[in-house]
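Colleague: My questions will all concern the structure given below.
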């Protein structure tokens, strides 16, 4: 019987690009645009400058740091570029799996493809393979990584990125299996950042992808890794989840595609809070409700999510960093009510000191309530008690971007433009859009890298 790693290796290495469903390949172009848009919007953030200062001191220089003409080692370019993508928690999400797929996958494919002189079809094919493996790993975990304090994106990243790298390098099945085995010892990332808002989560996808480059190169050099790295007695599933359940997700590789389930984020905050923001914005618009009229806001959320965006209460109601703001249900609810939106510009420490937001945060009550669950989705249930005693209840079962609550694709394009307008002209944005929409036609990655240079 084939191991899970063998099934993954065969799919990744032998799936023909032409056999990828047209819908999947087309949807992926939108994911690419969203990915590069959020990445370039983050280029001036402090964490990005910190990573850049480290990787610029390394040799040799093979792959570009997006937005510049500076080149560093492939593995370091992946670390930096993934940090751009995930730096504001605005990148795409597979909600059912609770994972951000593109940060590790796209950064690896583009950086490695650039160093190898690979064409667009090869790079994009590797990206789609990486998305599919990343999503399946997350689906197989069924949220259990998060339940025990791991960050699912960090755990899946090295495996998905290794698949991308192995495909682009043209490695053998044995090398790919060993590389995945090595990745099992590098699958790490804890969620303690939720308690103090520290920056380490921004590193998780890039660090996993950075280690994946080494895993594939080590396997090519003869290093071996456990063949049952996922399902073994001491494999990732038993050690990280406590069970082997879920790995049947890899039985129908190449027959069923999950990439088009990846959703776009409308707000640069934890996806678990998005439906709550939608409810608050509906209250403002439909009921002409203003912050001064609100006595109390009650938010009911399933326990798994409550522990991430509502606890510890003192820290969530007094966020000290931008990341704590992004993972604070009281803050995003209050900001949405006061500001009428939650954009990148609402993730600003100056707003934490806004008296209206602080006062409203004190009246947001979060309650763990598993009766409000909608498995595989991030719903939002909100009761607003007005000062005149009237109550408003909003219950959004499906977050935006699901088939039941589809996102307008024009909104994706608007987000792309908004993210880039600070750094590029309209002509540059249009050029980048065209390149991404036709990535499979590129002879190499040079035109794409040139289009990202901030003049």
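Colleague: Does any residue of the stretch 112-124 turn out to be assigned by TED's automatic domain parsing to the domain that holds residue 18, within 16 Å of the chain's Cα centre (by Cα) and at pLDDT 95 or above? Lay out the reasoning, then the answer.
Modeller: At the first step, the residues of the stretch 112-124 found to be assigned by TED's automatic domain parsing to the domain that holds residue 18 are 112-124.
Next, from what is left, pick out any that are within 16 Å of the chain's Cα centre (by Cα): none.
No, the conditions are met nowhere in the stretch 112-124.
Colleague: Going residue by residue through the stretch 386-398, is there one that turns out to be free of Cβ contacts under 8 Å to residues at least 24 places away in the same chain, surrounded by 15 or more Cβ atoms within 10 Å (Cβ to Cβ) and outside any loop (DSSP other than H, G, I, E, B)?
Modeller: No, the stretch 386-398 has no match at all.
Colleague: Kindly indicate whether residue 39 is touching a residue at least 40 places away in the same chain (Cβ under 8 Å), within 28 Å of residue 181 (Cα to Cα) and part of a helix (DSSP H, G or I).
Modeller: no
Colleague: Kindly indicate the residue of the stretch 172-188 that is in contact with a helix residue (DSSP H, G or I) (Cβ under 6 Å, 6 or more places away or on another chain) and assigned to a loop (DSSP other than H, G, I, E, B) and also surrounded by the fewest Cβ atoms within 10 Å (Cβ to Cβ) among those meeting that condition.
Modeller: Filtering the stretch 172-188 for residues in contact with a helix residue (DSSP H, G or I) (Cβ under 6 Å, 6 or more places away or on another chain) gives 173, 175-180, 182-184, 186-187.
Filter again for assigned to a loop (DSSP other than H, G, I, E, B), leaving 184, 186-187.
Numbers: 184: 23, 186: 20, 187: 22.
Looking at the filtered set, the residue picked out is 186.
Colleague: Can you report the number of residues in the stretch 370-385 which are surrounded by fewer than 19 Cβ atoms within 10 Å (Cβ to Cβ) and touching a helix residue (DSSP H, G or I) at 6+ places or on another chain (Cβ under 6 Å)?
Modeller: Of the residues in the stretch 370-385, 1 are surrounded by fewer than 19 Cβ atoms within 10 Å (Cβ to Cβ) and touching a helix residue (DSSP H, G or I) at 6+ places or on another chain (Cβ under 6 Å).
Colleague: Do we have any residue at all in the stretch 51-61 that's surrounded by fewer than 12 Cβ atoms within 10 Å (Cβ to Cβ), without any contact (Cβ under 8 Å) to a residue 12 or more places away in the chain, assigned to a helix (DSSP H, G or I) and assigned by TED's automatic domain parsing to the domain that holds residue 113?
Modeller: The answer is yes; a qualifying residue exists.
Colleague: Any residue in the stretch 72-83 that is not assigned by TED's automatic domain parsing to the domain that holds residue 38 sitting within a Cβ distance under 9 Å of a residue that is in a helix (DSSP H, G or I)? List the pairs, counting only those 6 or more apart or interchain.
Modeller: none
Colleague: Select from the stretch 399-411 the residues that are in contact (Cβ under 8 Å) with a residue 24 or more places away in the chain and either surrounded by fewer than 19 Cβ atoms within 10 Å (Cβ to Cβ) or closer than 30 Å to residue 295 by Cα (or both) and list them in ascending order. Steps first, answer last, please.
Modeller: Step one: list which residues in the stretch 399-411 are in contact (Cβ under 8 Å) with a residue 24 or more places away in the chain, which gives 399-402, 407, 409, 411.
Within the stretch 399-411, 399, 400, 402, 407, 409, 411 meet the criteria.
Colleague: Would you check which residues across the stretch 189-202 are surrounded by fewer than 22 Cβ atoms within 10 Å (Cβ to Cβ), part of a helix (DSSP H, G or I) and touching a helix residue (DSSP H, G or I) at 6+ places or on another chain (Cβ under 6 Å) and list them?
Modeller: If the condition is that a residue be surrounded by fewer than 22 Cβ atoms within 10 Å (Cβ to Cβ), part of a helix (DSSP H, G or I) and touching a helix residue (DSSP H, G or I) at 6+ places or on another chain (Cβ under 6 Å), then 193, 200 are the ones that fit.
Colleague: Considering only residues that are out of contact with any helix residue (DSSP H, G or I) (no Cβ under 6 Å at 6 or more places or on another chain) and in contact (Cβ under 8 Å) with a residue 60 or more places away in the chain, look in the stretch 204-226 and name the one that is farthest from residue 268 (Cα to Cα).
Modeller: 214
The values are calculated or read from the model by the stated rules, or taken from the named source; none is laboratory data. Because the structure is a prediction, the values reported are computed rather than measured. A quick note on method: Cβ atoms are made from the backbone with ideal geometry, for glycine too, and the neighbour counts reach across all protein chains shown.
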